[in-house]
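Working notes, beginning with the structure itself.
Just so it is clear, none of the values below were taken in a lab; they were calculated from the coordinates. Given the structure is predicted, the values throughout are model-derived calculations rather than measurements. Cβ sites come from the backbone with ideal geometry, for glycine too, and all protein chains shown count toward neighbours.
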């Protein structure tokens, strides 16, 4: 099996390009279910069964989660946390090696993240177990965190030990997987670390795993944006020169450059695979 290639990012983290000999479905994947439903499965085990209810802009997603999730990362020791390695690269290596993770052919971005919109780790953190309801809103989405097992109590022995790391600034980040159709994240690893950080009054530090567009897709979009940018520049050149023309041209060029710089790393759609009996 060919190894994935790594592209370091200027601000830290990397893009992991998984070769075509790992086409999917991966061990941890979403599968279509009857009606307007889906399931999260790991191997043959069902971890989440979900169905959407309602119509229009507001829909309820009914979830039932089951125990048995196997973390795609090995346990993180206290000694490793104190050393503080480059966590995105370390997690990337572990995700490549695991038999329980979501990686399949394509490009995957792993970056550190510590700042979140209000509510992500409070009102939109799904604490109910095993059944829960997520309200999906048009335009705004959901934008919360869905754990794959119940969070331990703040005074649980393991959480108490991790809270000291949280206070010392040595707590390893949790691993979040961005899921496009949820407009939110699955908590793949670090449930007790998340509980420890929250018990200390802070949002957990995270490594965010995001599937991003492949080269063909983002380059096609870049060509469309370049064509539109050239047209806007040409229309600007048709106007008589005035004190504002140079400023408008500079603003147009900056926006164009900023957009092109982010395209290779924009989130792609999270695939939902057919169930086994519908696969070729």
Inset, instruction - Take the Cβ-Cβ distance between residue 266 and residue 70 as r, set R0 to 30 Å, and report the resulting FRET efficiency rounded to the nearest 0.05. - result: 0.50
Legend entry - Which of 41, 83 has the fewest Cβ neighbours within 10 Å, and the rest in rising order: 83, 41
Inset, instruction - Can you pull the one-decimal nm distance between simple spin-label points at residue 180 and residue 93, each 7 Å off the Cα toward Cβ? - result: 3.1
Legend entry - Two-site label geometry, residue 36 and residue 7: point separation in nm, points 7 Å out along Cα→Cβ: 3.6
Inset, instruction - With a/c under 1.5 counting as rounded, go ahead and sort the range 1-157 into rounded, prolate or oblate using the C-alpha gyration tensor (a ≥ b ≥ c being the square roots of the eigenvalues; past the cut-off, prolate if a/b is larger than b/c, else oblate). - result: prolate
Legend entry - Mean Cβ count within 10 Å, highest first, over the residues of peptides 106-116, 122-132: 106-116, 122-132
Inset, instruction - Provide 15, 44 in ascending order of the number of other Cβ atoms located within 10 Å of each residue's Cβ, fewest first. - result: 44, 15
Inset, instruction - Take 105, 191 and order them by how many other Cβ atoms sit within 10 Å, fewest up front. - result: 105, 191
Inset, instruction - Figure the gain on full extension for residue 83 and residue 164 (residue separation times 0.36 nm, minus the Cα-Cα span) and round it to one decimal in nm. - result: 27.6 nm
Legend entry - Cα radius of gyration and Dmax for the range 24-86 (Å): 17.0, 51
Inset, instruction - Would you mind calculating the gained length between residue 21 and residue 60 on full extension (0.36 nm times residue separation, minus the Cα-Cα distance), in nm to one decimal? - result: 10.3 nm
Inset, instruction - Tell me the label-point distance for the pair residue 51, residue 105, using the 7 Å Cα-to-Cβ offset, in nm and rounded to one decimal. - result: 3.4
